[in-house]
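The values are calculated or read from the model by the stated rules, or taken from the named source; none is laboratory data. Values in this document were obtained by computation on a predicted structure and should not be read as measured data. Don't worry about glycine lacking a Cβ; one is built from the backbone with ideal geometry, like all the others, and counts go over all protein chains shown.
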Amino acid sequence: MTITSSMQDIAIAAARAALDKKANDVLVLKVSPLTAEADFFVVCSAETQVQINTIVREVIARLEDAGVSLLRHEGRGGNSWVLLDYGGVVVHIFEEADRAYYNLEKLWADAERVPVS
């Protein structure tokens, strides 16, 4: 993958990186028909802060290796929701309880789910 990869390719690469670090319930949602904020959301969860940090590092490293620059990183150091903004792709990494509380899947229920495999 190179920097010229499509937003969908970038979202899938981020999802695969999260899966490689045992993220739970990884989803790629195509939100471009519903919002101008992003083309895709990647949503996943983890059971501990350590696992969240591991997933964050893997996603950043994998996309950086592919030439994709991180624009913004929200929720560092003990937060239960981390957001990685790559422009057209936004990665949300939650602790299990916060994912259930914010329920982005319900909020974006009309978004198309993109297969990761």
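Overview of results
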item	result
Set ALA66, ALA109, ALA97, ALA15: member being small (Gly, Ala, Ser) and under 14 Å from the mean Cα position of the chain (by Cα)	ALA15
Selection within segment 66-109 - aromatic (Phe, Trp, Tyr) and without any contact (Cβ under 8 Å) to a residue 60 or more places away in the chain	TRP81, PHE94, TYR101, TYR102
Which numbered condition GLU64 fails, given (1) more than 22 Å from LEU34 (Cβ to Cβ); (2) loosely packed, with under 11 Cβ neighbours inside 10 Å	(2)
Qualifying residue in segment 77-87 (condition: modelled with pLDDT under 95, out of contact with any strand residue (DSSP E or B) (no Cβ under 6 Å at 6 or more places or on another chain) and either surrounded by 13 or more Cβ atoms within 10 Å (Cβ to Cβ) or among the polar types (S, T, N, Q) (or both))	yes
Those helices (runs of 4 or more DSSP H) lying entirely in segment 30-117 with at least 1 residues of a type in the set (D, E, K, R) and in contact with a helix residue (DSSP H, G or I) (Cβ under 8 Å, 6 or more places away or on another chain)	49-65
Breaking point among (1) surrounded by 14 or more Cβ atoms within 10 Å (Cβ to Cβ); (2) farther than 20 Å from SER6 by Cβ, for ARG57	(1)
Residues satisfying the stated conditions in segment 1-31, i.e. of a type in the set (Ser, Thr, Tyr) and touching a residue at least 40 places away in the same chain (Cβ under 8 Å)	THR2, SER5
Which numbered condition ILE12 fails, given (1) in a helix (DSSP H, G or I); (2) farther than 16 Å from HIS92 by Cα	(2)
Filter result for ALA66 (more than 26 Å from ALA100 (Cβ to Cβ) and small (Gly, Ala, Ser))	yes
